[in-house]
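The values are calculated or read from the model by the stated rules, or taken from the named source; none is laboratory data. Every value quoted in this text rests on a predicted model; they were computed, and no experiment measured them. A quick note on method: Cβ atoms are made from the backbone with ideal geometry, for glycine too, and the neighbour counts reach across all protein chains shown. Calculation scope for accessible area: heavy atoms of the full protein, side chains included, ligands and nucleic acids excluded. Shrake-Rupley method; radii C 1.70, N 1.55, O 1.52, S 1.80 Å.
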Amino acid sequence: MKLGVNIDHIAVLREARKINDPDPLQALGICQRAGADQITIHLREDRRHIHDKDAEAIIRHSPLPVNLECAVSEDVIDFVCRHQPLRATIVPEKREEVTTEGGLAVTGDQPRLREVIRRLHDAEVEVSLFIDPHPDAVLAAKELGAEWIEFHTGHYANLFAMFYGNLRRTRHRIESLDLPRRELKAMLEEELEQLRRLADHARGIHLRVAAGHGLNYQNVTPIAQIRSIEELNIGQSIVARSVFVGLDAAIREMKALL
Ligand code: PXP
């Protein structure tokens with residue numbers, strides 16, 4: 001299983017002080033030496049963490065392939081077409097959200113998304129669509145011509161945290177926190193089964209499959225065991241762990257779980 005390390009949170013720490021440290025560019029060599037397979041960054045419309053000059057330097061100097069997450073916003077798509085990372089993962093984006101809270105709307109008529117995918121392909125950038133694990137979304141992604149899909153694992157991560165009791169705060173509140181454990185367990189197993197089923201189906205129709213969001217050292221193993229998923233993109237938990245053990249060790253520990 002490949003690991004894409006999302007290094008946005010290094011820039012989050014820098015932006016807390018609006019100075020130059022820590023510089024996400026310095027993570028590239030460490031990620032490579034620790035066994036990461038890809039660098040993932042999110043160039044948000046509001047540039048709240050990764051800035052254009054970070055993304056430009058990361059794409060230019062990264063020894064690993066770069067997966068750039070972005071919304072269908074004109075100036076960001078222009079940037080991606082100009083700087084040509086290996087892959088662009090299109091995500092939904094709301095200014096007020098703390099992080100990407102759900103999958104992209106891909107079903108129905110999507111002329112804007114179709115146009116953006118065409119532009120990215122013309123610029124020789126692979127396209128991935130960040131979608132909820134739903135059969136209609138998989139089919140729509142295929143029909144839109146994406147090479148990759150990335151399943152949003154936020155719902156899985158929340159169910160896992162609720163079941164195993166380490167839920168403190170979650171961005172994706174599930175209606176009732178008072179569900180009987182039996183029911184929670186069934187929901188968690190059903191979510192995993194859905195991810196397995198859809199990953200197999202996606203591979204069967206020649207889509208490449210990634211997954212990410214909310215994955216951590218506790219919950220990653222069942223997802224890493226899904227054979228049709230090729231790659232996981234993980235950020236927050238790795239950067240959080242690196243505060244205590246260093247980035248190199250945090251990546252190696254995660255890589256060992258995959
Ligand atoms: N994949 C995508 C498409 C994302 O938007 C994010 C969050 O930026 C991640 C993976 C990583 O999520 P986390 O930081 O929760 O590991």
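The set of residues in the stretch 38-71 that are at pLDDT below 95 and over 15 Å from the mean Cα position of the chain (by Cα) comprises Glu45, Asp46, Arg47, Arg48, His49.
Suppose the filter is open to solvent by 20 Å² or more (accessible area, probe 1.4 Å), at pLDDT 95 or above, away from the ligand (no atom under 16 Å from the Cβ) and over 23 Å from Ala210 (Cβ atoms); does Gly35 pass it? Before you say what the answer is, go through the steps one by one.
Details: open to solvent by 20 Å² or more (accessible area, probe 1.4 Å): yes; at pLDDT 95 or above: yes; away from the ligand (no atom under 16 Å from the Cβ): yes; over 23 Å from Ala210 (Cβ atoms): no.
Taking the combined requirement at face value, the residue does not satisfy it.
Within the stretch 28-69, the set of residues being over 21 Å from Leu129 (Cα atoms) and in a strand (DSSP E or B) is empty.
As for the stretch 186-208, it holds at least one residue that is under 19 Å from Met1 (Cβ atoms), part of a loop (DSSP other than H, G, I, E, B) and either modelled with pLDDT of 95 or more or more than 20 Å from the chain's Cα centre (by Cα) (or both). Mind checking whether some residue in the stretch 216-226 is over 15 Å from the mean Cα position of the chain (by Cα) and over 18 Å from Ala161 (Cβ atoms)? There is at least one residue in the stretch 216-226 that is over 15 Å from the mean Cα position of the chain (by Cα) and over 18 Å from Ala161 (Cβ atoms).
Residues that are buried (at least 21 other Cβ atoms within 10 Å of the Cβ) and more than 11 Å from the ligand (Cβ to nearest atom) within the stretch 208-223 comprise Val209, Ile223, listed in sequence order. Under the condition of being within 15 Å of the ligand (Cβ to nearest atom), of a type outside the set (A, V, I, L, M, F, W, C) and free of Cβ contacts under 8 Å to residues at least 60 places away in the same chain, the residues counted in the stretch 66-91 number 2.
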